[in-house]
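Below is one structure, written out as structure tokens, with a few remarks after it.
The values are calculated or read from the model by the stated rules, or taken from the named source; none is laboratory data. The structure displayed is predicted, hence computed values, not measured ones. Every residue, glycine among them, receives a Cβ derived from its backbone with ideal geometry; neighbour counts consider all protein chains shown. To get the accessible areas, we keep the full protein, side chains included, count just its heavy atoms, and leave off ligands, DNA and RNA. Shrake-Rupley method; radii C 1.70, N 1.55, O 1.52, S 1.80 Å.
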Amino acid sequence: MSSGVLISTLSLVLQRVTRQNGGSYTCMAANSRGQTSSQPVYLRIQYAPVCVYTEPVIVGASLEEAVKVKCVVSADPTDLSFFWQFNNSGESFQVAPSRYATSNGTVSELVYTPKSERDYGTLTCSASNSIGRQAEPCLFQVVPATKPGPLHNCTLRSTVNTTGDWLEVECIAGFDGGLSQTFHLEAVDSLTSKYCLNASNVEGPFFRVELAALSSGHPGTIQLVMYAANQKGRSELVVLEDIAIRDAEKRTEWVSGNQGFGTGSFAALLIGSLLSVALFLLLVTVCALRKKAYNLRNNTTTPTKQIEITQGDDQRYVVSYQVKSEIKQPDILNRVSEEQLEIDRTVAAFNGPRVNPTFTSSSLSPGGCQVQEPLAQTSMLNNVHGTTQNIISNSIPGPESCV
């Protein structure tokens, strides 16, 4: 009922009818014994002409080339009168009736020949009948046309999946010549010169074919021929030669053109990656073992000594030195007593008031002596009040005078 269709007993009511409601209507009745239908009743809807094309039509024409432009409309009644008009950016004029003809009542055909660049533009076609004139005219775009340009940058790819082995061919389209173009792929057996495949694609220069369709059950080499075509002809051919089809291994390889990435290349890359990882782990292990051995060799701690010298209440000096190991050597005399050396050298350490030296033990990193207060290897030390005390380096306790 919302669309204006009412059924009441033996009557059918159609409201707000359009040309889509025209046609044959049949009444059907059924009961427990069966069903039957009435004779069809034709409902005629009369309307003004309507163009059958929903989009503008592209017409390609070269200079001095006569092209036929066909205008098709739908109307009832079909006693029509047609009108053609040309428009471009600079002018607009009606086409003379002698240049077009009407056939089948709803078709008008115009023979149009562009003489100069100004003759490229838009052609409009409209018709009228006893109901009215066509509301929206048919549009035709007349453009300079030629055959399309050649394809370029063609590449091959070999893919393997659960459905089989496939060869993918993809190119970049050239100039379409001002018209819609289609793309074609032909495969030719190099030995027998027979066509193995002939495919076309209207969406783009991309093809995906199964290798089984190219090999014909036996290995060999093929040639791939690709081109584009429109109403004016076809482009130059692009030929990929010497493409070897190996049926046993179910993969392709090509001598000329772009190289593919096959199963063998993938296996080699995988093996190389595994070897690189193993070599890296080996180097890390060797470095770790050598570092551990070095730490074990140098883990011995050499005892150290410290001298703490105090003078009064506000002056304090600390001197650290490393005690060398007690290894007897023929050219070095061993000291007689540790305590005696400390007492003798401490007495001569300062040239001034009486000081009280004390000795403490501390850990020292291997490799030399260490001074905990600011102490240079010269004979100058600064106390907290800025006064200077002289220390004779030879008088600092320790074997072999190590400061």
Any residue at all in segment 24-42 that is part of a loop (DSSP other than H, G, I, E, B) and touching a Lys or Arg at 6+ places or on another chain (Cβ under 9 Å)? no
Could you list all residues from segment 136-145 that are surrounded by fewer than 18 Cβ atoms within 10 Å (Cβ to Cβ) and either in a strand (DSSP E or B) or among the hydroxyl-bearing types (Ser, Thr, Tyr) (or both)? LEU139, GLN141, VAL143, PRO144
Here is a list: PRO137, PRO144, PRO150. Which entry is farther than 23 Å from TYR53 by Cα and touching a residue at least 12 places away in the same chain (Cβ under 8 Å)? PRO150
The residue that is modelled with the highest pLDDT, considering only those in segment 200-209 that are open to solvent by less than 70 Å² (accessible area, probe 1.4 Å) and within 13 Å of THR159 (Cβ to Cβ), is PHE207
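Out of GLU109, GLU91, which single residue is of a type in the set (Asp, Glu) and surrounded by 13 or more Cβ atoms within 10 Å (Cβ to Cβ)? So that I can check it myself, show each step before the final result.
Details: GLU91 fails: surrounded by 13 or more Cβ atoms within 10 Å (Cβ to Cβ).
Going through GLU109, GLU91 in turn, the sole match is GLU109.
Given the criteria in a loop (DSSP other than H, G, I, E, B) and either under 25 Å from VAL142 (Cβ atoms) or at pLDDT 90 or above (or both), does SER74 qualify? So that I can check it myself, show each step before the final result.
Numbers: in a loop (DSSP other than H, G, I, E, B): no; either under 25 Å from VAL142 (Cβ atoms) or at pLDDT 90 or above (or both): yes.
It is false that SER74 is in a loop (DSSP other than H, G, I, E, B) and either under 25 Å from VAL142 (Cβ atoms) or at pLDDT 90 or above (or both).
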In this structure, does PRO144 turn out to be under 30 Å from GLN85 (Cα atoms) and in contact with a Ser or Thr (Cβ under 6 Å, 6 or more places away or on another chain)? no
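Residues in segment 113-125: is at least one among the acidic types (Asp, Glu), open to solvent by less than 50 Å² (accessible area, probe 1.4 Å) and at pLDDT below 95? Walk me through it before giving the result.
As a first pass, look at segment 113-125 and keep what is among the acidic types (Asp, Glu): 117, 119.
The next check asks that each one be open to solvent by less than 50 Å² (accessible area, probe 1.4 Å); those that pass are 119.
When the remaining residues are screened for being at pLDDT below 95, the result is 119.
Scanning segment 113-125, I find at least one residue that is among the acidic types (Asp, Glu), open to solvent by less than 50 Å² (accessible area, probe 1.4 Å) and at pLDDT below 95, so the answer is yes.
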Residues of segment 152-183 classified as open to solvent by 70 Å² or more (accessible area, probe 1.4 Å) and of a type in the set (Val, Ile, Thr), total: 4
All positions within segment 77-102 that are touching a strand residue (DSSP E or B) at 6+ places or on another chain (Cβ under 7 Å), within 30 Å of LEU43 (Cα to Cα) and assigned to a loop (DSSP other than H, G, I, E, B): LEU80
Just to verify a result, which residue in segment 24-63, among those that are in contact with a Pro (Cβ under 8 Å, 6 or more places away or on another chain) and of a type in the set (A, V, I, L, M, F, W, C), is surrounded by the most Cβ atoms within 10 Å (Cβ to Cβ)? ALA61
